[in-house]
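K.L.:
The structure under discussion is supplied below as C-alpha cells; questions concerning it will follow.
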Amino acid sequence: MKRLTRKIRRIVAKSVAVEAGTLVYRLNPILRRWANYYSCVVAKRCFRRIEHYLWIKLWSWATKKHT
C-alpha cells in the first residue's frame, strides 16, 4: 500500500497542468493492476483506505486547479 500511495502522490503532483481526463488516464492502469493483484485476498480495508487516499488527493488536485 505504501508503494501505491507513493505512486499516486507522484502522479498527482506531476499532473498539475493537465486535464482531469489525462490524470484519470494515467492513474487507471496502476489502480486496475493493483486491484486485480489484491482481488483474490480479503482486502476490503485496503481497498477502502486506498479509495479514501485517492479521493483526498484528487480533491486537493481539483481545488488547486479550479480555485
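K.L.:
Please specify each residue of the stretch 1-25 satisfying the condition of being in a helix (DSSP H, G or I), among the small types (Gly, Ala, Ser) and more than 12 Å from the chain's Cα centre (by Cα).
P.N.:
Ala20, Gly21 - these are the residues of the stretch 1-25 that are in a helix (DSSP H, G or I), among the small types (Gly, Ala, Ser) and more than 12 Å from the chain's Cα centre (by Cα).
K.L.:
With in contact with a Leu (Cβ under 6 Å, 6 or more places away or on another chain) and not hydrophobic (A, V, I, L, M, F, W, C) as the only criterion, which of Ser60, Ser15 stands out? Lay out the reasoning, then the answer.
P.N.:
On the way: Ser60 fails: in contact with a Leu (Cβ under 6 Å, 6 or more places away or on another chain).
Result of the check over Ser60, Ser15: Ser15.
K.L.:
Now, a different point. Filter the stretch 26-55 for residues that are surrounded by 10 or more Cβ atoms within 10 Å (Cβ to Cβ), out of contact with any helix residue (DSSP H, G or I) (no Cβ under 8 Å at 6 or more places or on another chain) and in a helix (DSSP H, G or I) and give the result.
P.N.:
Within the stretch 26-55, Asn28, Arg32, Arg33, Tyr37, Arg48, Arg49, Glu51, His52, Trp55 qualify.
K.L.:
Next question, about the same structure. Residues of the stretch 56-67 being in a helix (DSSP H, G or I) and open to solvent by 100 Å² or more (accessible area, probe 1.4 Å), which ones?
P.N.:
Result: Trp59, Lys64.
K.L.:
Could you give me the residue pairs with C-beta distances under 6 Å whose first residue belongs to the stretch 30-51 and is at pLDDT 90 or above, whose second residue is open to solvent by 50 Å² or more (accessible area, probe 1.4 Å) and hydroxyl-bearing (Ser, Thr, Tyr) wherever it lies, and which are 6+ apart or on separate chains?
P.N.:
No pair meets every condition.
The values are calculated or read from the model by the stated rules, or taken from the named source; none is laboratory data. Here the structure is a predicted model, which means the values were calculated and not measured. When we count neighbours, we look across all protein chains shown, and the Cβ atoms used for this are built from the backbone with ideal geometry, even at glycine. The protein model used for the area step is the full one, side chains on, heavy atoms only, and it has no ligands, DNA or RNA in it. Shrake-Rupley method; radii C 1.70, N 1.55, O 1.52, S 1.80 Å.
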